[in-house]
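Every number in this text was worked out from the coordinates using simple rules, so none of it is lab data. It should be emphasised that the depicted structure is a prediction, and the values quoted were computed from it without experimental measurement. Don't worry about glycine lacking a Cβ; one is built from the backbone with ideal geometry, like all the others, and counts go over all protein chains shown.
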Amino acid sequence: MPISLSTPNFLIDRNRERCINCQVCVRQCAFEAHSWDAEDERVVTDDLKCVACHRCVTFCPTHALSIRRFPLEFRENANWTANAIKAIYKQAETGGILLTGMGNDQPYPIYWDHLLLNASQVTNPSIDPLREPMELKTFLGRKPDTLRFRGGKLAEKLPPQLELEVPVMFSAMSFGSISLNAIKSLARAAADMGTFYNTGEGGLHRELYQYGEHTIVQVASGRFGVHPEYLAQGAAIEIKIGQGAKPGIGGHLPGEKVGAEVSRTRMIPEGTDAISPAPHHDIYSIEDLRQLIYSLKEATRYEKPVSVKIAAVHNVAAIASGIARAGADIIAIDGFRGGTGAAPLRTRDNVGIPIELALAAVDSRLREEGIRSQVSLVIGGSIRNSADVVKAIALGADAVYIGTAALISLGCHLCQKCNTGKCNWGIATQDPNLVKRLNPDIGAERAANLLRAWEHEIKELLGGMGINALESLRGNRLMLRGVGLSDRDLNILGVKAAGE
Amino acid sequence: MKRVYAREEVCAGCKLCEVHCAVAHSAYPQDIVKAFLRQKVKPIARVLVEENRPISFALQCRHCDEAPCTKACITGAMQKDPLTGVVTNEETRCVGCWTCILSCPFGAIKRDETGRKVAAKCDLCSSAGTLPVCVQHCPNDALVFAEEPGWRR
């Protein structure tokens, strides 16, 4: 067999003075980077298998382990980086598409970090959220242009709305791409915090029906797990057109991950690949999309808002305008940093546009056309902290979706190996040995804690700006200033430069 | 009485309970590295993770109400404390005849031949006066110390 040119990415550093050979690392590594040498009675490691997920480091009771970058250097070359060379070795070996997990990790500009928030000084009072009420409540759905009253009461029924206590929801992650315990954690956290989680394309497991009021059920191109009861269970329905990590690409859940439960939930035979086509084959135009939106509304008696999720791509503003006119109540836009359970590496790293620019462009376009109030905007694609949330809302979003941040709260270490199904943290796996590593009681508490912490921080930031209701910040771009951005960037973002 | 209950469905099978139990019952209960590396023979854990993957759970003495080991003990070393209900083996009186091991319906008593032959078993860390160390160190809340099984976080 010809020699493989792959070399380790990481070095497992084991401090032999502290290692007690308890083999906890051996038992925890699904990639088998650690093993037990029975003859020498000691744990040995294979650096080549390490993915830097830190499971062993976290579990080692004597802190004997650390993981470092493997110190093998290629001759310095700013063009042919180690990653570029290694990718070619791999493809020369396999002849296949490079696959990866999680979001775009390339050093593109992060616009959130070039936007700064305002605060009140002298001329208007700031507000202390510990002493004064602060309102974060958010309603997602179509808002009527006018309200008519009769006898002091609303004369017409309002279109259906989703009511959020915090403007943060858990984004679409299917049962199949992540484990049932991971979904249970998010579902419970959403219920505890008065927000929503999204089923993704994986259907709704029976055990999750109890969280129906906090569930957004997704209808995607594969239509997996879609049936009348499924639609009835959810609080809202989301049509998935695209995803930030892989715009224009469908989904592929390999047969190994389709066990009995996934099979039953998705309504496909056990062990078969679940392939979601790249497009919806019944949607080739805005008019077609309108048909599906109204079919779903009809099927649920116009009681649930319908959302349409798209990836942020070049013409996103025009597309969003079309979606609003097609009758969607919510538009969800996923930026190019959005995560995934599996995507072709080149697509993930090169397709789509930053969510900050997409959001600003869409919000501006919908305002210009006078249809902004017809839809709510939900954005996702790497919201990392509460400041990102506040900036997104000031740029024009109604609420945000978090996927990667939510998984990190459950223990994800961003090793980007979701596609292998060997997630050592019990998140992106269907292996029963690994799934039980994520205790949904602990997961639910951690995910809820994250939202609770962000809720406090959002109130703190709002108070500083002298604002006591999130609604007053929505689309209030005067609260933002750009730093280190070009005029063109500032123009698209609709934001003044710092100092202006 | 409070006992240690296992929640099989979230046991990761890491055996950290075994590691920390062994340390707690070693000559260096406060120093895990010394407990394993200074002692010539490896310390013995009184909890055992039973495995038939993916099933795994930690098992230790159930501190039975009618404990057969106390009846079987030929020297009276194995006693159930009438107040706390904890079954302990007084090792100075134990002669290592293993009758308790034969009588235990759970297989929760181990042979300790690191020094003088004695039976080793879970004492619920009674001397420490806190949570049993296996419960304290379970990384996934798969062990709980409670009056009743079925307790949830």
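Across chain B, Cα-Cα distances exceeding 21 Å account for 45% of all pairs. Between B:A72 and B:V41, the distance separating the two model label sites (each 7 Å from Cα on the Cα→Cβ line) works out to 2.1 nm.
Taking a point 7 Å from the Cα of A:E165 along the Cα-to-Cβ direction, the residues of the range A:172-211 with backbone N closer than 19 Å to it are A:184-198, A:210-211. Cβ distances below 4.7 Å define possible disulfide partners, and in chain A the cysteines left without one are A:C19, A:C22, A:C29, A:C50, A:C60, A:C412, A:C418, A:C423.
Considering only alpha-carbon pairs that sit under 8 angstrom and 6 or more positions apart, the relative contact order computed for chain A is 19 percent. If you fit an axis through the alpha-carbon atoms of helix A:82-94 and take the longest principal axis of the Cα set of chain A, what angle between them do you get, 0 to 90°, nearest 10? Once rounded, the angle reads 70 degrees.
Under a Gaussian network description of chain B, with springs only between Cα atoms under 10 Å, the residue in B:L37, B:L131, B:L48 that fluctuates furthest is B:L37. Of B:V95, B:V135, B:V19, which is the most mobile in a GNM of chain B whose springs link Cα atoms less than 10 angstrom apart? Greatest mean-square fluctuation among the candidates belongs to B:V95. Straight-line cross-link reach from A:K297 at under 17 Å between alpha-carbon atoms covers these lysines, not counting any fewer than eight positions away in the same chain: A:K143, A:K157, A:K240, A:K309. Compared with the dominant Cα axis of chain A, that is its longest principal axis, helix A:386-395 is turned about 40°.
Among A:F10, B:F36, a tally of other beta-carbon atoms within 10 Å of each Cβ gives an order, fewest to most, of A:F10, B:F36. 3J(HN,Hα) along the range A:296-312, derived from phi through the Karplus expression 6.51 cos²θ - 1.76 cosθ + 1.60 where θ = phi - 60°, amounts to 5, 5, 4, 5, 10, 6, 6, 9, 10, x, 10, 10, 10, 9, 10, 7, 6 Hz, with x in place of Gly and Pro. Across the protein assembly as shown, Cα-Cα pairs more than 45 Å apart make up 31 percent of the total. Local charge for A:D37 was computed over the other residues whose Cβ lies under 14 Å away, with Lys and Arg +1 and Asp and Glu -1, and equals -2.
Distances between every pair of Cα atoms in the range A:333-449, grouped in 10 Å steps from 0 to the bin holding the largest one, split as 13, 35, 30, 17, 5, 0 percent. Taking Lys and Arg as +1 and Asp and Glu as -1, the other residues whose beta-carbon sits under 14 Å from that of A:L98 total +3. Between A:N124 and A:T81, the modelled label-to-label distance comes to 4.2 nm, taking each label 7 Å out from Cα in the direction of the beta carbon. Across chain B, Cα pairs under 8 Å and at least six residues apart give a relative contact order of 30 percent. Of all aspartates and glutamates in the structure, those lying under 19 Å Cα to Cα from A:K246, and not within fewer than 8 positions of it along the same chain, are A:D105, A:E201, A:E238, A:D273, A:D334, A:D349, A:E356. Extension gain, A:F74 to A:H227: 0.36 nm times the residue separation minus the Cα-Cα distance gives 49.7 nm.
Label-to-label distance, B:R93 versus A:A498, with points set 7 angstrom from Cα along the beta-carbon direction: 7.6 nm. Cβ-Cβ distance of A:N15 and A:A278, R₀ of 41 Å, FRET efficiency by 1/(1 + (r/R0)^6): the value works out to about 0.25. Counting other Cβ atoms within 10 Å as a rough exposure proxy, the listed residues B:Y5, A:Y302, A:Y284 run A:Y284, A:Y302, B:Y5 from fewest neighbours to most. Taking other C-beta atoms within 10 angstrom as a stand-in for reagent exposure, A:S66, A:S409 fall in the order A:S66, A:S409, fewest first.
The alpha carbon gyration tensor of the range A:138-497 gives principal lengths a ≥ b ≥ c with a/c below 1.5, which makes the shape rounded. Axis angle, to the nearest 10 degrees, between helix A:355-368 and the longest C-alpha principal axis of chain A: 10 degrees. Phi angles across the range A:397-408 convert, under the Karplus curve 6.51 cos²θ - 1.76 cosθ + 1.60 with θ = phi - 60°, into 3J(HN,Hα) values of 7, 8, 7, 10, 9, 10, x, 4, 4, 5, 5, 4 Hz, Gly and Pro given as x. The value of relative contact order for the range A:150-254, using C-alpha pairs under 8 Å at least six residues apart, is 22 percent. In this structure, B:A27 and A:N449 have a Cβ-Cβ separation that, at R0 = 35 Å, corresponds to a calculated FRET efficiency of about 0.30. For the listed residue pairs A:K391/A:K496; A:K137/A:K417; A:K436/B:K15, the alpha carbons are over 25 angstrom apart in A:K137/A:K417. Counted residue by residue at 0.36 nm each, then reduced by the alpha carbon distance between them, the extension gain from A:S486 to A:E471 reaches 2.5 nm. Shape call for the range B:64-107 from the C-alpha gyration tensor, a ≥ b ≥ c root eigenvalues: rounded (a/c under 1.5), prolate (a/b greater than b/c) or oblate? Because a/c hits 1.5 or more and a/b fails to exceed b/c, the range B:64-107 counts as oblate. Determine the shape class of the range A:10-96: with a ≥ b ≥ c the square roots of the Cα gyration tensor eigenvalues, call it rounded for a/c under 1.5, and otherwise prolate if a/b is greater than b/c, oblate otherwise. Because a/c hits 1.5 or more and a/b exceeds b/c, the range A:10-96 counts as prolate.
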